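One structure is given below, encoded as structure tokens.
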2 protein chains.
Amino acid sequence: MNKQRIIALTGGVGGAKLADGLMRAANAIDLTLVVNTGDDFNHLGLHISPDIDTALYTLSEEVNPETGWGRRDESWSFMQALKQFSADTWFLLGDKDLATHVIRTQQLATGQSLSTVTHALAKSLGLAVQVIPMSNDTVRTWVHTDMGELEFQHYFVREQCKPKVQHIEFRGAAEAEPAPEVVQALQDPNLGAIILCPSNPYLSMAPILAIPGMREQLRAAGVPIIAVSPLVGGQAVKGPTTKIMQELKLPVSALQIVAHYAGLIDGFVLDQRDAHLAGQINIPIITIDTFMQTAEDRIRVAEETLAFASTLKQHK
Amino acid sequence: MNKQRIIALTGGVGGAKLADGLMRAANAIDLTLVVNTGDDFNHLGLHISPDIDTALYTLSEEVNPETGWGRRDESWSFMQALKQFSADTWFLLGDKDLATHVIRTQQLATGQSLSTVTHALAKSLGLAVQVIPMSNDTVRTWVHTDMGELEFQHYFVREQCKPKVQHIEFRGAAEAEPAPEVVQALQDPNLGAIILCPSNPYLSMAPILAIPGMREQLRAAGVPIIAVSPLVGGQAVKGPTTKIMQELKLPVSALQIVAHYAGLIDGFVLDQRDAHLAGQINIPIITIDTFMQTAEDRIRVAEETLAFASTLKQHK
């Protein structure tokens, strides 16, 4: 019997944790990750894909367990030398991590697509999971703030999310197409479910869904689409989700997340700390502990989400 | 009184040692280094200028004293990560060293000239010496061998100079121009002498001299031009000079070096171990110990060369 394929849409650290759980779940599945590239940027002439790297490093156990991004057992000689040359040092580039950026930049320059390059990196890291950028076209998240328009990493890392967000723009999205491997995975007859990982809905998932045809193709796949709540007890576990929702004048609540994904998702995984909201959600839900601190937590959340998916059919 | 300007043409490790001695000589001089860029190459998408870096690192005391190239107190995490990705690892790139290549590549990509980029790097490293690439145009040394045509670093590093040299080509030289700063330095009214450092005459000095107009402009400066012998007791101190001279069917002798530079140089610094050849050299010479093992050796050879220069006038 063929294994079920699961497609997971993911952004940064939180999404990668669930992706890791899905990869390690007892259920034998073929896992495809569709990763946000709106956070990609060119820095010191290097093409950096932070969310792809977080996915690759997390799933290959190469990630720095302290930070959730970058590589473990990292050294920082390159950064020290950059300082000497008065180059930008606000974006941390570890010496090992740098190899990923240099190789990616070089291979893109030879005309390879980002999905081809990503596939090769995943393979080198020993991953059996399919890791695909949402698009091979350039989509860049720009954050319009009270300090002006900021490229995502400038907002997120350099300015540490301090500027007040007015609105978020996915530059290039209107002209972008889903990566061909995304389309292919969506047509897999063994596709069982699509999972929206608990990444920031406004910064990490929105760029993926902003690609023309993406939402339609996800729906057209005819399998249940489930979002895992990025809020735990009405708060983001990590990152600026809460702050951004406030600045965008949105109620900081799992209900808002459900509303945000309305028309796309068939089911919602609610955190047990938000159980009091269950009655106000008019799509199928499960209420579980979604907080992922340990490897076991990740697997448990993944298995409970997969079990939930198997009970659902896509609503029409 | 204005200080005397000295221009030194230099290649790799041996040349950088004399350049370092010239910088530290008791004589108060303004030093301009004109550096071979025929060894430059693109590796992993990075623009690498090995001779410029050897000059920069040597003069700033950043050089690895064990090897004479690369940076001291270097770490190698990047190389380890490259191996994991099955990328080329035959050219060693230390983590600190990498910052130089990344910055250079990025700045060249923004349209800056190699001389502008080199000037900024030298300044960051605290150098008062002027370090100029021979040209801002692309000149690449190709070594035609019994194993086929090899780009210089492929011959020199990857193949460890093992292939038998048939002839050496400076691709692009015919269309190249001296860097504007070279022309400017040659027109400095305080110019006192031009020194050809003891770098490989065929691999390191020849690309500089292959640039159309370079020889003529050196001569037109009207100051004595002196070559320091790269042979010590009829042998190269380091590198493939001896092997290449044999393969090119040239007598391995200081006499051959003098013949090679005939019409260009006004004086020659002969190593004392080759003193028996002095009678056969028909231009002014000094015979000294040119072997530079210590910092004191470098300064001594530099000071003796400068003293020699001050006794000479350019022959017409």
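The values are calculated or read from the model by the stated rules, or taken from the named source; none is laboratory data. Given the structure is predicted, the values throughout are model-derived calculations rather than measurements. Neighbour counts are summed over all protein chains in view; Cβ atoms, including those assigned to glycine, are modelled from backbone coordinates with ideal geometry.
On the given criteria, is residue A:87 of a type in the set (A, V, I, L, M, F, W, C), in contact with a helix residue (DSSP H, G or I) (Cβ under 9 Å, 6 or more places away or on another chain) and modelled with pLDDT under 95?
Values: of a type in the set (A, V, I, L, M, F, W, C): yes; in contact with a helix residue (DSSP H, G or I) (Cβ under 9 Å, 6 or more places away or on another chain): yes; modelled with pLDDT under 95: yes.
Yes, satisfied.
Each row is one residue, and each column tells you yes or no for (1) modelled with pLDDT of 95 or more; (2) of a type in the set (Lys, Arg); (3) surrounded by 18 or more Cβ atoms within 10 Å (Cβ to Cβ).
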site	(1), (2), (3)
B:105	yes, no, yes
B:112	yes, no, no
B:116	yes, no, no
B:122	yes, no, yes
B:127	yes, no, yes
B:133	yes, no, yes
B:140	yes, yes, yes
B:144	yes, no, no
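Within the set of pairs 6 or more residues apart or between chains, which connect a residue that is free of Cβ contacts under 8 Å to residues at least 24 places away in the same chain inside region B:101-113 to a residue that is part of a helix (DSSP H, G or I) with Cβ atoms less than 6 Å apart?
B:107/B:117
One line per residue, one yes/no per condition, for (1) of a type in the set (Gly, Ala, Ser); (2) closer than 30 Å to residue A:188 by Cα; (3) without any contact (Cβ under 8 Å) to a residue 60 or more places away in the chain:
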{"residue": "A:81", "(1), (2), (3)": "yes, no, yes"}
{"residue": "A:84", "(1), (2), (3)": "no, no, yes"}
{"residue": "A:95", "(1), (2), (3)": "no, no, yes"}
{"residue": "A:98", "(1), (2), (3)": "no, no, yes"}
{"residue": "A:116", "(1), (2), (3)": "no, yes, yes"}
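Please tell me if residue A:220 is over 24 Å from residue A:298 (Cβ atoms), surrounded by fewer than 20 Cβ atoms within 10 Å (Cβ to Cβ) and of a type in the set (A, V, I, L, M, F, W, C).
Judged against the criteria, residue A:220 is a match.
Does residue B:243 satisfy being free of Cβ contacts under 8 Å to residues at least 24 places away in the same chain and surrounded by fewer than 22 Cβ atoms within 10 Å (Cβ to Cβ)?
Values: free of Cβ contacts under 8 Å to residues at least 24 places away in the same chain: no; surrounded by fewer than 22 Cβ atoms within 10 Å (Cβ to Cβ): yes.
When the stated conditions are applied, residue B:243 does not pass them.
Counting only residues that are outside any helix (DSSP H, G or I) and touching an Asp or Glu at 6+ places or on another chain (Cβ under 6 Å), which one in region A:73-116 is farthest from the other protein chains (Cβ to nearest Cβ)?
Within region A:73-116, the first condition is being outside any helix (DSSP H, G or I), and the residues that meet it are A:73-76, A:85-94, A:110-113.
Keeping just the survivors that are touching an Asp or Glu at 6+ places or on another chain (Cβ under 6 Å) gives A:75, A:94.
On the way: A:75: 4, A:94: 7 Å.
Here the residue is A:94.
Just to confirm my filter: which strands (runs of 3 or more DSSP E) fall fully inside region A:118-225 and include at least 3 residues that are of a type in the set (A, V, I, L, M, F, W, C), in contact with a strand residue (DSSP E or B) (Cβ under 9 Å, 6 or more places away or on another chain) and closer than 26 Å to residue A:262 by Cβ? So that I can check it myself, show each step before the final result.
Numbers: elements: A:130-133, A:140-145, A:148-151, A:165-171, A:191-196.
Result: A:165-171, A:191-196.
Name the single residue that is modelled with the lowest pLDDT among those in region B:212-251 being among the charged types (D, E, K, R) and more than 21 Å from residue B:305 (Cα to Cα). Break it down stepwise before answering.
Residues of region B:212-251 that are among the charged types (D, E, K, R), as a first pass: B:215-216, B:219, B:238, B:243, B:247, B:249.
Now restrict to residues that are more than 21 Å from residue B:305 (Cα to Cα): B:216, B:243, B:247, B:249.
Values: B:216: 97, B:243: 91, B:247: 94, B:249: 94.
Filtering first and then ranking leaves B:243.
For region A:282-302, give me the residue count where each residue is closer than 16 Å to residue A:25 by Cα, buried (at least 17 other Cβ atoms within 10 Å of the Cβ) and among the β-branched types (Val, Ile, Thr).
Residues meeting the conditions: 3.
Restricting to region A:265-316, count the residues that are closer than 21 Å to residue A:218 by Cα, without any contact (Cβ under 8 Å) to a residue 24 or more places away in the chain and assigned to a strand (DSSP E or B).
Looking only at that region, the number is 1.
Checking the structure you have, find out if any residue of region B:2-13 is touching a Phe, Trp or Tyr at 6+ places or on another chain (Cβ under 8 Å) and more than 9 Å from every other protein chain (Cβ to nearest Cβ).
Residues of region B:2-13 that are touching a Phe, Trp or Tyr at 6+ places or on another chain (Cβ under 8 Å), as a first pass: B:12-13.
Checking which are more than 9 Å from every other protein chain (Cβ to nearest Cβ) leaves us with B:12-13.
So far as region B:2-13 goes, yes, one or more of its residues are touching a Phe, Trp or Tyr at 6+ places or on another chain (Cβ under 8 Å) and more than 9 Å from every other protein chain (Cβ to nearest Cβ).
Can you go through A:58, A:37 and tell me which one is within 23 Å of the chain's Cα centre (by Cα) and in a loop (DSSP other than H, G, I, E, B)?
On the way: A:58 fails: in a loop (DSSP other than H, G, I, E, B).
Sole residue among the options that is within 23 Å of the chain's Cα centre (by Cα) and in a loop (DSSP other than H, G, I, E, B): A:37.
Kindly establish whether residue B:64 is within 23 Å of residue B:291 (Cβ to Cβ), within 14 Å of chain A (Cβ to nearest Cβ) and not basic (Lys, Arg).
On the way: within 23 Å of residue B:291 (Cβ to Cβ): yes; within 14 Å of chain A (Cβ to nearest Cβ): yes; not basic (Lys, Arg): yes.
The answer is yes for residue B:64.
Please state which one of A:48, A:29 is surrounded by fewer than 23 Cβ atoms within 10 Å (Cβ to Cβ), within 14 Å of chain B (Cβ to nearest Cβ) and in contact with a strand residue (DSSP E or B) (Cβ under 9 Å, 6 or more places away or on another chain). Can you show your working first?
Values: A:29 fails: within 14 Å of chain B (Cβ to nearest Cβ).
It is A:48.
Go through the residues of region A:97-108 one by one and say whether even a single one is more than 18 Å from residue B:78 (Cα to Cα) and within 22 Å of the chain's Cα centre (by Cα).
Of the residues in region A:97-108, the ones more than 18 Å from residue B:78 (Cα to Cα) are A:108.
From the residues that got through so far, the ones that are within 22 Å of the chain's Cα centre (by Cα) too are A:108.
Scanning region A:97-108, I find at least one residue that is more than 18 Å from residue B:78 (Cα to Cα) and within 22 Å of the chain's Cα centre (by Cα), so the answer is yes.
Return the total of residues in region B:226-244 being farther than 18 Å from residue B:170 by Cβ, in a helix (DSSP H, G or I) and not hydroxyl-bearing (Ser, Thr, Tyr).
Total satisfying the criteria: 1.
Is it the case, given these coordinates, that residue B:28 is out of contact with any helix residue (DSSP H, G or I) (no Cβ under 9 Å at 6 or more places or on another chain) and modelled with pLDDT under 95?
Details: out of contact with any helix residue (DSSP H, G or I) (no Cβ under 9 Å at 6 or more places or on another chain): yes; modelled with pLDDT under 95: yes.
Yes; evaluated as a whole, the condition is true for this residue.
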